[in-house]
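Some notes on the structure that comes next.
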There are 2 protein chains.
Amino acid sequence: MPSESPAADPLASMELDLPVVLLSHRGPVSFDRDPETGERTASRGAGGLVTALSGLAAHLDEAVWVCVASGGEDAEVARESVGAPVHVGLDPEPRLLAEGADEPGRRLSLRLVEVAPGVHDPFYGVIANPLLWFVQHRLYNLSLSPSLGREERTAFEDGYVVANELAAEAVVEQVQKVGGRAVVLLHDYHFYLVGDIVRQRCPDALVSHFVHIPWPGPDGWRVLPPDMRDRLLTGLLGCDVVAFHTRADARAFLLCCQEILQLPVDMRLLAVSVAGRTVRVRVYPISIDIPALEATAHTDASDEHLVALDHFLGEGQLVLRVDRTDPSKNIVRGFQAFGLMLDEHPELQSRVVFLALLQPSRQDVQEYTDYLAAIGSAASSVNARHGTGTWQPIDVRFASDMALATAAYRRCDVLVVNAVADGMNLVAKEAVVLNERDMVLALSEATGAHDELGRFAVTLHPFDVAQQADALHEALTMPPQLRRDRREHAAMIVHRNDVERWLSAQLVDLATLAD
Amino acid sequence: MPSESPAADPLASMELDLPVVLLSHRGPVSFDRDPETGERTASRGAGGLVTALSGLAAHLDEAVWVCVASGGEDAEVARESVGAPVHVGLDPEPRLLAEGADEPGRRLSLRLVEVAPGVHDPFYGVIANPLLWFVQHRLYNLSLSPSLGREERTAFEDGYVVANELAAEAVVEQVQKVGGRAVVLLHDYHFYLVGDIVRQRCPDALVSHFVHIPWPGPDGWRVLPPDMRDRLLTGLLGCDVVAFHTRADARAFLLCCQEILQLPVDMRLLAVSVAGRTVRVRVYPISIDIPALEATAHTDASDEHLVALDHFLGEGQLVLRVDRTDPSKNIVRGFQAFGLMLDEHPELQSRVVFLALLQPSRQDVQEYTDYLAAIGSAASSVNARHGTGTWQPIDVRFASDMALATAAYRRCDVLVVNAVADGMNLVAKEAVVLNERDMVLALSEATGAHDELGRFAVTLHPFDVAQQADALHEALTMPPQLRRDRREHAAMIVHRNDVERWLSAQLVDLATLAD
């Protein structure tokens, strides 16, 4: 959570004097019912984006956060409130507040949008994930997939479009309630069509859309048929600002406007003209909430994991990765590279362990189950080639255990992030801040984090296993002073541009536009 | 072969007064030995590019065609000639001419470059095909492939680079023999490094490189590690002109120069500045040799196939495709779309056949054998669902039989070209010219041919099976007058821009640069 010092308060560093309406797919709190007592319960939403936005929303008195009701009890809350926001307290534990309640701690207004399963399933399970995710991470084997049939076309029209209209309707209502003039902050690939609807219905609103995942160039978007790709782009161009984590993504977006929609773009000023309006394209690299991360890392559970890791590793070096088992994460090639390094450097036998903390992801999607199998296969191949009775070079643990992850961050000698494509990658930033052994960051050139941290990392080329093997060896044998300098510089960069700065930079820029 | 009328002679329409040195991987003639008599034999090279260039070279007295010796006897000819060109007659049948022989018919000078198998295998079998082919057609499943290991890195350095140096050395020698001032026409993805070498060694030469396969944007090239992608681009930028079949490819090349090499480009004038020089990017859509095609189509063999097809089809409609079994050709989705159309239009049962004339391709490459299997599987699935004792809706014939292909071109009602990516696609142009039933061209937006013929075709979106099914139905039910108008217009376009015009346009432009 953001620190409470006034200087770090995003509101203190900006001139923006407008109410804020946020939209994201998942929200800061979700509701359930205790199966035993039958009472309503509330839990905090997960993920870096939700954490970051919670910090913002809690600081803004007039902010309303619109998100999709994610389960039956969320929908029940939505129905009870009849389209009005509900009030939620965040501290110490999330809970629904009574109307007019005056309780201490951070609070925010939450507008839950009910999206019927018949709409949400195709919206989320067919279009947003996996279609847009795969298109934007360029993960398709284009000779065979995607293969868009009637189901996908229907899922777009009756799922994605309808869900966007429902979300837009809720946003519009919230903007109209404050007189039509508000800052609207839309988030991510679930809602590309919302911006244009909001602008048309609320011409005085200031609308920004933040895209958190990689933005491919025109080739990538041409995988979608013209009506889909044109509508998604046009939806985004309804905003005043379209924002990305990296300059490369911002430029790719402009190239799409230029090549697909034939719009005039200014690559230097990062702007595109559409129907007499200027849409600004901006770059704000997202970051982490350092105090919250440090609180998680310095718990008894994390300390216990650290002792266990130390015992397990002894004098050995630890290569670490922490990822969802997403095909974009490039886990298979990472294991292949580690295996190649061991082939070529027998002196490392029994002296290094590659610990992979992997969170199984989207196992209802074929590509993900196939990828999980490929991960197991690649790890076994290396272990069978090099393992001994006392040493298995690759240690895969399927888990989502933040205490273990933070302990491993503290203990590791090399952190591997070799993603094929990644909007930012916060694991790199978390590890750099928490590490206690001057670890070397081995970082893919295809991550957003590489823009900020690449100078202090060993760069990985995601498709080049031989280069990754060389880079891992370089990282494991880097002189101590160089490791220390680089790790400290990288940590300084992350401290300097933390998540509050990410938020305040956007609000300051929007204030300029509002003038 | 080009017509002999003076007006159509590319030399007659241009001012270029310089000797020409051509480079392509395969040449117009290759040599072998008769296993019985032991005598040397010669045969004509295959493929549209070789046919087109043969026409050019035979018209230019001082042209020398450099190509790679493609077999043992080619290498023997190369050795006998000790680095000098040999003279080859093309009419009526290709043959080696004695030094000073004065024989009638078209002749050309051929310089065969010997490339040892230890160089050629990695150059061609690891880098050019499949790596560059897959990168440029964007066919990789990026989550797992390519996976560049030591073998691929070595294949690049000791195969591709060395083969390019050998070819460049031969080109340089030929240019130096004519005093250093010559037009150098380099061809295709085998030789991206040659242009820069030739420019440095022969600063007075005018160097052009024609890329015949699709050019992806920056994302696509970033699949290759920086040293490879930068060297390939820099090699091309050694030329005065880099030429493509389409404006989209030309623009994608400029975007790569801009985004990957950070060079200033002019998207309107299609030019890029590099180290004080201006490199022009040009668009010349390649075409077919119409008289040669018509000669092939009006043979007894073709007529016999036509009779057999008529008998086989009766009153039924014929949907046709003619392709190599390359994953870029999108054969699987084509069958799926045809099957979906039959699902949704039972009135077409027994009234239409999809004939696929497929030439098995590169079966030593895993992706190609997998793709061949997927083709069989997709066809069987449709036939099992819809076939009867007297009608199998999809008829796959693995063959490379030009007489059958031309008969099918003449008879078909719809020609399907739904490629995922295709530099030009000459099948579309051949069929449009030869067809005798006012066929409808169903043409992918991702082919070069779509630029010229898309207005007279039903456009296919390559990843959208549902749209392809609708488009096939539209094609099969199009009113006769509209079919006729469109086919005639398309044929007129092809007649107007035939392969001679493709050649002469390039030479005229180069003449301007030479002034």
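The values are calculated or read from the model by the stated rules, or taken from the named source; none is laboratory data. Computed from a predicted model, the values in this text were never measured in an experiment. Ideal geometry is used to build each Cβ from the backbone, glycine not excepted, and the neighbour counts take in all protein chains shown.
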(request) Go through the residues of region A:198-217 one by one and say whether even a single one is within 11 Å of chain B (Cβ to nearest Cβ) and either more than 30 Å from B:V465 (Cα to Cα) or acidic (D, E) (or both). (result) no
(request) Scan region B:321-355 for residues that are within 21 Å of B:A419 (Cβ to Cβ), away from every other protein chain (no Cβ under 14 Å) and either basic (K, R) or buried (at least 24 other Cβ atoms within 10 Å of the Cβ) (or both) and report the count. (result) 3
(message) On the basis of being in a loop (DSSP other than H, G, I, E, B) and under 25 Å from A:W65 (Cα atoms), does A:G180 make the cut?
(response) yes
(message) Taking the conditions exactly as written (among the small types (G, A, S) and away from chain A (no Cβ under 11 Å)), does B:A243 satisfy them or not?
(response) yes
(request) May I ask you to verify whether B:A428 is in contact (Cβ under 8 Å) with a residue 40 or more places away in the chain and surrounded by 23 or more Cβ atoms within 10 Å (Cβ to Cβ)? (result) no
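Condition check: buried (at least 21 other Cβ atoms within 10 Å of the Cβ), farther than 27 Å from A:P218 by Cβ and not assigned by TED's automatic domain parsing to the domain that holds A:G423. Does A:L96 satisfy that? Show your work before the answer.
On the way: buried (at least 21 other Cβ atoms within 10 Å of the Cβ): no; farther than 27 Å from A:P218 by Cβ: yes; not assigned by TED's automatic domain parsing to the domain that holds A:G423: yes.
No; evaluated as a whole, the condition is false for this residue.
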(message) Looking at region A:130-146 only, could you name the residues that are more than 11 Å from B:D464 (Cα to Cα) and more than 7 Å from chain B (Cβ to nearest Cβ)?
(response) A:P130, A:L131, A:L132, A:W133, A:F134, A:V135, A:Q136, A:H137, A:Y140
(message) I'm trying to understand the selection: among the residues of region B:147-172, which are closer than 14 Å to B:L232 by Cα, within 14 Å of chain A (Cβ to nearest Cβ) and touching a residue at least 60 places away in the same chain (Cβ under 8 Å)?
(response) B:F156
(message) Checking the structure you have, find out if any residue of region B:163-170 is buried (at least 19 other Cβ atoms within 10 Å of the Cβ), within 25 Å of the chain's Cα centre (by Cα) and not aliphatic (A, V, I, L, M).
(response) yes
(message) Considering only region A:412-422, I want to know if a residue exists there that is surrounded by fewer than 21 Cβ atoms within 10 Å (Cβ to Cβ) and not in a loop (DSSP other than H, G, I, E, B).
(response) no
(message) Testing B:V499 on (1) β-branched (V, I, T); (2) in contact (Cβ under 8 Å) with a residue 24 or more places away in the chain; (3) more than 25 Å from B:T325 (Cβ to Cβ); (4) out of contact with any Pro (no Cβ under 9 Å at 6 or more places or on another chain), one condition comes back false. Which one is that?
(response) (4)
(message) Yes or no: region B:286-298 includes at least one residue that is at pLDDT 95 or above, hydroxyl-bearing (S, T, Y) and surrounded by fewer than 23 Cβ atoms within 10 Å (Cβ to Cβ).
(response) no
(message) Looking at A:T477, A:T512, A:T447, can you tell me which residue is of a type in the set (S, T, N, Q), surrounded by fewer than 18 Cβ atoms within 10 Å (Cβ to Cβ) and outside the structural domain of A:G180 (by TED's automatic domain parsing)?
(response) A:T477
(request) Kindly provide the set of residues from region A:258-300 that are within 14 Å of chain B (Cβ to nearest Cβ) and of a type outside the set (A, V, I, L, M, F, W, C), ordered by number. (result) A:Q258, A:E259, A:Q262, A:P264, A:D266, A:R268
(request) Scan the helices (runs of 4 or more DSSP H) fully inside region A:457-515 and keep the ones with 2 or more residues being in contact with a His (Cβ under 7 Å, 6 or more places away or on another chain). (result) A:465-476
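Yes or no, residue by residue, for (1) part of a loop (DSSP other than H, G, I, E, B); (2) touching a residue at least 40 places away in the same chain (Cβ under 8 Å); (3) closer than 25 Å to B:A431 by Cα:
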| position | (1), (2), (3) |
| --- | --- |
| B:V332 | no, yes, yes |
| B:F338 | no, yes, yes |
| B:L355 | no, yes, yes |
| B:Q363 | yes, no, no |
| B:T369 | no, no, no |
| B:A373 | no, no, no |
| B:A379 | no, yes, yes |
| B:V382 | no, yes, no |
| B:R385 | no, yes, no |
(request) Considering only residues that are surrounded by fewer than 20 Cβ atoms within 10 Å (Cβ to Cβ) and in contact (Cβ under 8 Å) with a residue 60 or more places away in the chain, look in region B:180-207 and name the one that is nearest to the chain's Cα centre (by Cα). (result) B:D188
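Can you tell me which residue within region A:365-375, out of those that are surrounded by fewer than 15 Cβ atoms within 10 Å (Cβ to Cβ) and modelled with pLDDT of 95 or more, is nearest to the other protein chains (Cβ to nearest Cβ)?
Selected residue: A:D370.
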(request) For residues that are buried (at least 22 other Cβ atoms within 10 Å of the Cβ) and without any contact (Cβ under 8 Å) to a residue 60 or more places away in the chain, scanning just region A:219-231, find the one that is nearest to B:Q262 (Cα to Cα). (result) A:D219
(message) Based on this model, can you work out whether B:L254 counts as closer than 17 Å to A:Q258 by Cβ, more than 12 Å from chain A (Cβ to nearest Cβ) and of a type in the set (A, V, I, L, M)?
(response) no
(message) Name the single residue that is surrounded by the most Cβ atoms within 10 Å (Cβ to Cβ) among those in region B:3-29 being at pLDDT below 90 and among the hydroxyl-bearing types (S, T, Y).
(response) B:S13
